[in-house]
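Q: Mind having a look at this structure? Questions to follow.
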There are 2 protein chains.
Amino acid sequence: MFRNMFTSGDNRELANATIDFYTHVQRDMKVDIGVDPIGYLWLMSERQLSTSSHHVDSMEENGVQVVRYGARDLGEMIPGLALNQAEKEESRLMNLEDVAGAYFGPKCGRLAPEKLARFYKERFLDLGGDLIFGADAKSLIVDATVPTGLEGEPFLWQDSRVAGVRLSDGGEIRAATTVVAAGAWTNELLDPTGIDGHAKSKMRQLFTVPAQSGSALARLLHTKGFNPSGTIPFLILPKGGVIVKPMSEQAEFWVGGEDEVNRQFLAYPEEDIDANYPPERAYYEMSIHPVLRAYLPDFAGAGPSRMWSGLYSYNTVDNLPYVFEGDGLVVVGGDSGSGVMKGDSLGRVVDAVYRNGEETEVELFGGATYRASKLGFRKRDVEREDWLL
Amino acid sequence: MFRNMFTSGDNRELANATIDFYTHVQRDMKVDIGVDPIGYLWLMSERQLSTSSHHVDSMEENGVQVVRYGARDLGEMIPGLALNQAEKEESRLMNLEDVAGAYFGPKCGRLAPEKLARFYKERFLDLGGDLIFGADAKSLIVDATVPTGLEGEPFLWQDSRVAGVRLSDGGEIRAATTVVAAGAWTNELLDPTGIDGHAKSKMRQLFTVPAQSGSALARLLHTKGFNPSGTIPFLILPKGGVIVKPMSEQAEFWVGGEDEVNRQFLAYPEEDIDANYPPERAYYEMSIHPVLRAYLPDFAGAGPSRMWSGLYSYNTVDNLPYVFEGDGLVVVGGDSGSGVMKGDSLGRVVDAVYRNGEETEVELFGGATYRASKLGFRKRDVEREDWLL
């Protein structure tokens with residue numbers, strides 16, 4: 001998914017230029033990366049609309065297109081949406097609020113990450129890059145900057161720096177600068193060197209719900225009026241960060257939620273995610289489905305056909321990504337589950353920091369400039385993000 | 001050890017009021033907590049003096065007393081100090097610079113932490129507090145704010161919060177607010193709840209070197225002219241953060257160093273530190289002693305009589321401590337090995353945040369006020385610290 005609706009001006013700048021680049025790849029370069037602007041529809045209670053309005057004002061003042069819908073509009077456009085919760089006993093138990101309106105972002109949408117990765121891979125090979133598959137970077141090599149040849153170095157009185165990586169097949173790759181872009185595994189690589197990866201990781205889950213042709217869920221899936229594809233937008237429900245993604249070509253929905261307190265951080269996540277962090281059917285049944293069926297009653301009785309888990313990695317200080325350099329490294333991460341939608345801009349920041357250090361202006365796609373040091377830690381200067389998913 | 005010589009104005013404010021309180025306890029309340037202002041003597045090369053001078057100017061502008069010594073002064077006051085390194089082969093190998101001068105802080109010094117802890121313990125009991133020894137807080141209890149009684153809660157749609165701690169003896173202590181002040185073990189308690197402890201921990205080591213009566217090292221130990229106790233001050237050598245602490249009553253020195261890159265972070269440190277992180281004689285011999293004997297040749301041939309390891313825990317974002325509240329918790333930590341010297345002020349901040357939340361002015365000892373939210377993460381506003389030890 002991608003969106004330009006962020007409360008942080010930094011996130012908006014990074015995402016906006018990235019979305020423009022992806023759209024350029026899809027439309028102008030004619031490379032299919034699955035860009036499909038289905039829109040984000042943030043369904044909110046009266047209370048949420050009120051606490052969010054200054055954020056939305058700020059988005060509009062900064063060029064982010066936002067459409068405001070009232071409860072009546074939503075009732076007409078989405079017949080399957082239950083606006084009123086107060087009279088339902090289960091909803092009262094869950095403290096669910098009535099839907100009073102929504103903010104809609106038409107520049108937001110979905111893309112195909114595997115196609116996008118293939119596009120970058122091919123461009124990288126065109127530039128003369130080299131790729132290795134089937135070998136993990138197991139650890140960073142730390143060397144004395146001026147070696148003495150004495151056993152046990154680097155010593156306290158030596159400057160030392162990262163000089164490359166050791167691979168799982170026993171090989172080594174040495175480099176003047178090593179870029180670490182390892183997501184949830186950043187700490188596993190950096191902690192042994194005593195350099196902070198500034199990222200925390202936890203498990204997240206997705207569940208698919210079929211929307212068979214002719215069913216009420218299929219009608220919900222193909223709700224018209226929001227986007228050129230004629231589907232329901234990506235929905236954010238007013239409780240628990242429950243999200244609903246239409247997958248029209250597969251005749252199904254993908255649904256998930258946003259755990260906060262009571263979902264553990266994983267210091268060093270295992271690589272085999274499926275085996276070590278199996279998705280929990282009880283989480284769908286007891287946590288997600290009650291919210292889902294309350295706001296979208298067509299989901300009543302709908303169980304998940306497939307489910308999977310993944311890792312969500314973020315910078316918990318301000319929920320913004322970081323790029324920092326030093327000790328032979330450039331490290332990028334902390335993108336809070338919204339990495340793909342800032343990926344092109346962050347790639348340009350990494351490139352600029354690699355060439356010129358953190359004190360440099362980066363030209364993003366479309367020509368806007370961004371000061372790299374804002375994303376570092378020596379002179380970090382970013383606006384905290386409040387709209388997480 | 002305690003010092004008021006920090007590059008960060010926030011650290012100076014927190015430490016200054018704390019030192020004043022400890023001095024008040026020692027002098028006015030007549031409780032012996034071992035306060036002994038032996039001073040900190042930061043020995044520096046020409047280059048270091050130059051890059052530090054703006055920090056020292058700022059300290060003096062803010063009321064921190066600093067005495068500046070030139071190389072000639074130091075040579076006269078400390079006959080055992082080798083100012084010149086350039087002509088020594090071993091020093092050239094280690095890239096050691098000549099000592100060109102020093103900054104001396106007469107308000108800095110040492111105290112007896114076990115006596116200080118006893119003082120606070122007794123005051124706490126006087127106030128009606130209760131203490132439990134011999135039982136560890138093993139984990140935090142997370143409860144739904146409004147319980148339903150359903151198996152498996154808290155669910156995604158419930159608000160949940162920390163409601164107390166589980167003890168190693170199987171007991172539970174429930175509380176409206178739980179204060180976590182767990183140092184290097186903060187992550188072990190907080191990670192399972194998905195709340196970031198914002199701290200990283202690594203091993204640090206100390207080594208004792210005897211200074212037998214009549215020896216050259218004893219003469220160094222009892223160097224006059226710096227403090228009322230007639231001992232050498234606490235020394236910071238110009239390389240590797242090597243520190244030398246005089247322990248005159250035990251006729252020995254304590255020495256250590258500051259590891260940076262190439263000393264691993266420990267995600268969840270083991271409790272039995274001695275068994276799991278044994279001190280390394282090779283670290284003394286190959287890392288600390290070469291620097292020590294170069295600047296203080298009386299240490300030549302002096303091996304450690306005892307050695308031990310401990311854990312150093314800090315906030316790697318800005319090297320400043322934090323106090324934050326939320327989800328039933330108040331968390332204090334990240335004090336970067338200088339916790340004791342800010343302890344009284346941080347205790348007052350915790351007390352104020354517990355009573356009034358982060359948006360409150362805290363009265364420190366002596367009457368100065370400090371805004372608690374500066375140490376939180378929602379509105380963090382602190383000056384990064386550059387003088388770490």
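The values are calculated or read from the model by the stated rules, or taken from the named source; none is laboratory data. What you see is a predicted model; the values in this text were computed from it and never measured. Every residue, glycine among them, receives a Cβ derived from its backbone with ideal geometry; neighbour counts consider all protein chains shown. When the accessible area is computed, the model is the full protein with side chains, heavy atoms only, and any ligands, DNA or RNA have been set aside. Shrake-Rupley method; radii C 1.70, N 1.55, O 1.52, S 1.80 Å.
Q: Take the residues in the range B:334-383 that are surrounded by 14 or more Cβ atoms within 10 Å (Cβ to Cβ), over 19 Å from the mean Cα position of the chain (by Cα) and hydroxyl-bearing (Ser, Thr, Tyr), then tell me which one is farthest from B:Gly257 (Cα to Cα).
A: That would be B:Thr360.
Q: Consider only pairs whose beta carbons are under 6 Å apart and that are at least six residues apart or on different chains; among these, list those whose first residue lies in the range B:306-321 and is more than 9 Å from chain A (Cβ to nearest Cβ) and whose second residue is open to solvent by 20 Å² or more (accessible area, probe 1.4 Å) and of a type in the set (Gly, Ala, Ser).
A: Listed pairs, sorted by first residue: B:Tyr312/B:Gly337; B:Ser313/B:Gly183.
Q: Right, something else. Please go through the range B:149-179 and pick out each residue that is more than 16 Å from A:Ile288 (Cα to Cα) and in a loop (DSSP other than H, G, I, E, B).
A: B:Gly149, B:Ser168, B:Asp169, B:Gly170, B:Gly171, B:Ala175, B:Ala176, B:Thr177
Q: Looking at the structure I just gave you, is A:Glu114 away from chain B (no Cβ under 14 Å) and in a loop (DSSP other than H, G, I, E, B)? Before you say what the answer is, go through the steps one by one.
A: Details: away from chain B (no Cβ under 14 Å): yes; in a loop (DSSP other than H, G, I, E, B): no.
No, not satisfied.
Q: Could you check, for the range A:288-296, whether at least one of its residues is more than 25 Å from A:His55 (Cα to Cα), touching a strand residue (DSSP E or B) at 6+ places or on another chain (Cβ under 7 Å) and part of a helix (DSSP H, G or I)?
A: Yes: one or more hits.
Q: Name the residue, out of B:Ala82, B:Ala102, B:Ala112, B:Ala86, that is farther than 23 Å from B:Met247 by Cβ and touching a residue at least 12 places away in the same chain (Cβ under 8 Å). So that I can check it myself, show each step before the final result.
A: On the way: B:Ala82 fails: farther than 23 Å from B:Met247 by Cβ; B:Ala102 fails: farther than 23 Å from B:Met247 by Cβ; B:Ala112 fails: farther than 23 Å from B:Met247 by Cβ.
Answer to the selection: B:Ala86.
Q: Moving on. Would you point out the residue of the range B:332-352, among those that are in contact with a helix residue (DSSP H, G or I) (Cβ under 7 Å, 6 or more places away or on another chain) and closer than 11 Å to B:Gly197 by Cα, that is modelled with the highest pLDDT?
A: Per the criteria, the residue is B:Val332.
Q: How many residues are away from chain B (no Cβ under 12 Å), assigned to a loop (DSSP other than H, G, I, E, B) and either buried (at least 21 other Cβ atoms within 10 Å of the Cβ) or among the hydrophobic types (A, V, I, L, M, F, W, C) (or both) if we restrict to the range A:239-270?
A: Within the range A:239-270, the subset away from chain B (no Cβ under 12 Å) is A:244-254, A:270.
Add one more test, that the residue is assigned to a loop (DSSP other than H, G, I, E, B), and what stays is A:251, A:270.
Next, from what is left, pick out any that are either buried (at least 21 other Cβ atoms within 10 Å of the Cβ) or among the hydrophobic types (A, V, I, L, M, F, W, C) (or both): A:251.
Count: 1.
Q: Given the options A:Gly34, A:Gly75, A:Gly80, A:Gly63, name the one that is part of a helix (DSSP H, G or I) and not polar (S, T, N, Q). Before the answer, list the steps.
A: Values: A:Gly34 fails: part of a helix (DSSP H, G or I); A:Gly80 fails: part of a helix (DSSP H, G or I); A:Gly63 fails: part of a helix (DSSP H, G or I).
From the options A:Gly34, A:Gly75, A:Gly80, A:Gly63, the qualifying one is A:Gly75.
Q: Within the range A:199-216, which residues are surrounded by 22 or more Cβ atoms within 10 Å (Cβ to Cβ) and out of contact with any strand residue (DSSP E or B) (no Cβ under 6 Å at 6 or more places or on another chain)?
A: Result: A:Lys200, single match.
Q: Oh, and also: Report yes if some residue within the range B:316-329 is β-branched (Val, Ile, Thr), touching a strand residue (DSSP E or B) at 6+ places or on another chain (Cβ under 9 Å) and farther than 30 Å from B:Val353 by Cα; otherwise report no.
A: Residues of the range B:316-329 that are β-branched (Val, Ile, Thr), as a first pass: B:316-317, B:323.
Filter again for touching a strand residue (DSSP E or B) at 6+ places or on another chain (Cβ under 9 Å), leaving B:316, B:323.
Narrowing the set further to residues that are farther than 30 Å from B:Val353 by Cα leaves none.
No, there is no match, as no residue in the range B:316-329 is β-branched (Val, Ile, Thr), touching a strand residue (DSSP E or B) at 6+ places or on another chain (Cβ under 9 Å) and farther than 30 Å from B:Val353 by Cα.
Q: Can you tell me which residues in the range B:153-176 are in contact with a Gly (Cβ under 6 Å, 6 or more places away or on another chain), open to solvent by 20 Å² or more (accessible area, probe 1.4 Å) and within 10 Å of another protein chain (Cβ to nearest Cβ)?
A: B:Leu156, B:Arg161, listed by residue number.
Q: Another question, if that's okay. Would you pick out the residues in the range B:271-299 that are closer than 26 Å to A:Leu140 by Cα, at the interface with chain A (Cβ under 8 Å from one of its Cβ atoms) and surrounded by 15 or more Cβ atoms within 10 Å (Cβ to Cβ)?
A: Within the range B:271-299, B:Tyr283, B:Met286, B:Ser287, B:Ile288 qualify.
Q: Kindly indicate whether B:Ser213 is assigned to a loop (DSSP other than H, G, I, E, B), in contact (Cβ under 8 Å) with a residue 60 or more places away in the chain and away from chain A (no Cβ under 14 Å).
A: no
Q: Something else: Going by the conditions given, is A:Gly310 part of a helix (DSSP H, G or I) and open to solvent by less than 40 Å² (accessible area, probe 1.4 Å)? Show your work before the answer.
A: Working: part of a helix (DSSP H, G or I): no; open to solvent by less than 40 Å² (accessible area, probe 1.4 Å): yes.
No: the conditions fail for A:Gly310.
Q: Of all residues in the range A:341-382, count the ones that are among the acidic types (Asp, Glu), in contact with a Phe, Trp or Tyr (Cβ under 9 Å, 6 or more places away or on another chain) and outside any helix (DSSP H, G or I). Lay out the reasoning, then the answer.
A: Here is the first cut: in the range A:341-382, the ones among the acidic types (Asp, Glu) are A:344, A:351, A:358-359, A:361, A:363, A:381.
When the remaining residues are screened for being in contact with a Phe, Trp or Tyr (Cβ under 9 Å, 6 or more places away or on another chain), the result is A:344, A:358, A:361, A:363.
Checking the rest, the ones that are also outside any helix (DSSP H, G or I) come to A:358, A:361, A:363.
So the answer is 3.
Q: Okay, moving on. Select from the range B:182-198 the residues that are open to solvent by 30 Å² or more (accessible area, probe 1.4 Å) and more than 8 Å from chain A (Cβ to nearest Cβ) and list them in ascending order. Outline the logic, then answer.
A: Restricting attention to the range B:182-198, the residues satisfying the condition of being open to solvent by 30 Å² or more (accessible area, probe 1.4 Å) are B:183, B:185, B:188, B:192.
Of everything in the range B:182-198, those that are open to solvent by 30 Å² or more (accessible area, probe 1.4 Å) and more than 8 Å from chain A (Cβ to nearest Cβ) turn out to be B:Gly183, B:Trp185, B:Glu188.
Q: Out of curiosity, is A:Glu97 modelled with pLDDT under 95, over 25 Å from A:Pro37 (Cα atoms) and not hydroxyl-bearing (Ser, Thr, Tyr)? Lay out the reasoning, then the answer.
A: On the way: modelled with pLDDT under 95: no; over 25 Å from A:Pro37 (Cα atoms): yes; not hydroxyl-bearing (Ser, Thr, Tyr): yes.
No; evaluated as a whole, the condition is false for this residue.
Q: Among (1) over 30 Å from B:Val162 (Cβ atoms); (2) more than 14 Å from chain A (Cβ to nearest Cβ); (3) more than 18 Å from the chain's Cα centre (by Cα), there is one condition B:Val179 misses while meeting the rest; what is its number?
A: B:Val179 satisfies every listed condition except (1).
Q: Read through the list (1) open to solvent by less than 30 Å² (accessible area, probe 1.4 Å); (2) under 20 Å from A:Lys224 (Cα atoms), then give the number of the only condition that A:Tyr22 fails.
A: Result: A:Tyr22 fails condition (2) only.
Q: Another question about this same structure. Take B:Arg118 and decide whether it is basic (Lys, Arg), open to solvent by less than 60 Å² (accessible area, probe 1.4 Å) and over 30 Å from A:Met94 (Cα atoms).
A: On the way: basic (Lys, Arg): yes; open to solvent by less than 60 Å² (accessible area, probe 1.4 Å): no; over 30 Å from A:Met94 (Cα atoms): yes.
The answer is no for B:Arg118.
Q: Out of everything in the range A:134-152 that is more than 7 Å from chain B (Cβ to nearest Cβ) and in contact with a helix residue (DSSP H, G or I) (Cβ under 8 Å, 6 or more places away or on another chain), what residue ends up being least open to solvent (accessible area, probe 1.4 Å)?
A: Filtering the range A:134-152 down to residues more than 7 Å from chain B (Cβ to nearest Cβ) leaves A:134-141, A:143-147, A:149-151.
With the extra rule that they be in contact with a helix residue (DSSP H, G or I) (Cβ under 8 Å, 6 or more places away or on another chain), the set shrinks to A:137, A:139-140, A:150.
Details: A:Ala137: 49, A:Ser139: 36, A:Leu140: 13, A:Leu150: 77 Å².
The residue in question is A:Leu140.
Q: Look at the range B:203-244 and say how many of its residues are over 15 Å from B:Arg293 (Cα atoms) and within 18 Å of the chain's Cα centre (by Cα).
A: Qualifying residue count for the region: 6.
Q: What's the number of the condition B:Pro106 fails, among (1) open to solvent by less than 40 Å² (accessible area, probe 1.4 Å); (2) within 14 Å of another protein chain (Cβ to nearest Cβ)?
A: Failing condition for B:Pro106: (2).
Q: Scan the range A:30-63 residue by residue and report those that are under 20 Å from the mean Cα position of the chain (by Cα) and open to solvent by 10 Å² or more (accessible area, probe 1.4 Å).
A: Residues satisfying the conditions are A:Gly34, A:Val35, A:Asp36, A:Pro37, A:Trp42, A:His55.
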